[in-house]
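These notes concern the structure reproduced below.
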Amino acid sequence: MRDLVYPPVIAFARTSFKVLDLKLHITGAENVPRTGGALIALNHISYVDFILGGYGALPSKRLVRFMAKEVLFRNRYSGPLMRGMHHIPVDRDAGSASYQKALEYLAAGEVVGVFPEATISRSFELKEFKSGAVRMAAEAGVPVIPMILWGTQRMFTKDHPRDFSRHRPISITVGAPITVRRDEDAREATAQLRSTMTGMLDETIRSYPEQPAGAWWLPAAYGGSAPTPAEAERLDQEELARRAAKRR
């Protein structure tokens, strides 16, 4: 796969990180295999998770092909970049095509990035997971690499203005590879993946250098003022209803 676009995008991202003086802390980067197909499963808390999630695989010299909303590929600005980096468009009304494309990438030895929650979590805790990630990994015979991002929600997320302030700490935690067998129940494997990532998220939050009480970007369970998972679910449903009404 020829990558003419990805390297300059990475160079631009690294320069931006230096300008912003981001305090990037990566743990477990050695868990991303240096060769062969692998599926990275990430939590989703911001619009910049693609960038930071891909950065977490760079120590292993791997480029991540993310599964992303098809609308990003139609945008005049992001479209050429998404296509040039060989990311995978996901049309939720016709998901089988993106599923098959991801399998092709994995079979070819690529690293595919998936957000099992599908959408950004307003509570910044893990939402329910879709089973597609573990099903793809099992079918392709590749490991699932759990990855947790933290601090990215402070930069650009739902319901809050963008804030690219300098000197911000960003944590990236990469877990040990998980093998999913073909004969394993997808629901059980998905529940196990979510449980593993819940523990990783807890450790990542607790080790994060900033813990201001009442902060909007900190989950309610950790003393912050972010919506609880139940409140976040209500906000998600209201957003879906507004979109449906707009389409009508």
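The values are calculated or read from the model by the stated rules, or taken from the named source; none is laboratory data. Fair warning: this is a prediction, and the values are worked out from it, not measured in the lab. Here the Cβ is made from the backbone with ideal geometry for all residues, glycine too, and neighbour counts use every protein chain on show. In case anyone asks, the SASA skips ligands and DNA or RNA and just uses the protein heavy atoms, side chains included. Shrake-Rupley method; radii C 1.70, N 1.55, O 1.52, S 1.80 Å.
Applying the selection to the range 179-209, what residues are out of contact with any strand residue (DSSP E or B) (no Cβ under 9 Å at 6 or more places or on another chain) and in a loop (DSSP other than H, G, I, E, B)?
R181, R182, D183, E184, D185
Test G113 against the criterion of being open to solvent by less than 20 Å² (accessible area, probe 1.4 Å) and assigned to a helix (DSSP H, G or I), and give yes or no.
Details: open to solvent by less than 20 Å² (accessible area, probe 1.4 Å): yes; assigned to a helix (DSSP H, G or I): no.
Judged against the criteria, G113 is not a match.
Name the one entry in S207, S225 that is within 26 Å of R168 (Cβ to Cβ) and either basic (K, R) or open to solvent by 80 Å² or more (accessible area, probe 1.4 Å) (or both). Can you show your working first?
Numbers: S225 fails: either basic (K, R) or open to solvent by 80 Å² or more (accessible area, probe 1.4 Å) (or both).
Criteria check complete, one pass: S207.
Report, ordered by the first and then the second residue, all pairs with beta carbons closer than 6 Å, sequence separation of six or more or different chains, a first member in the range 132-154 that is outside any strand (DSSP E or B) and among the polar types (S, T, N, Q), and a second member that is open to solvent by 10 Å² or more (accessible area, probe 1.4 Å) and at pLDDT 95 or above.
T152/V48; Q153/W217
Do we find that T196 is in contact with a helix residue (DSSP H, G or I) (Cβ under 8 Å, 6 or more places away or on another chain) and of a type in the set (V, I, T) in this structure? Write out each step before concluding.
On the way: in contact with a helix residue (DSSP H, G or I) (Cβ under 8 Å, 6 or more places away or on another chain): no; of a type in the set (V, I, T): yes.
Considered against the rule, which asks whether it is in contact with a helix residue (DSSP H, G or I) (Cβ under 8 Å, 6 or more places away or on another chain) and of a type in the set (V, I, T), T196 comes out as no.
Within the range 156-191, how many residues turn out to be open to solvent by 20 Å² or more (accessible area, probe 1.4 Å) and hydroxyl-bearing (S, T, Y)?
3
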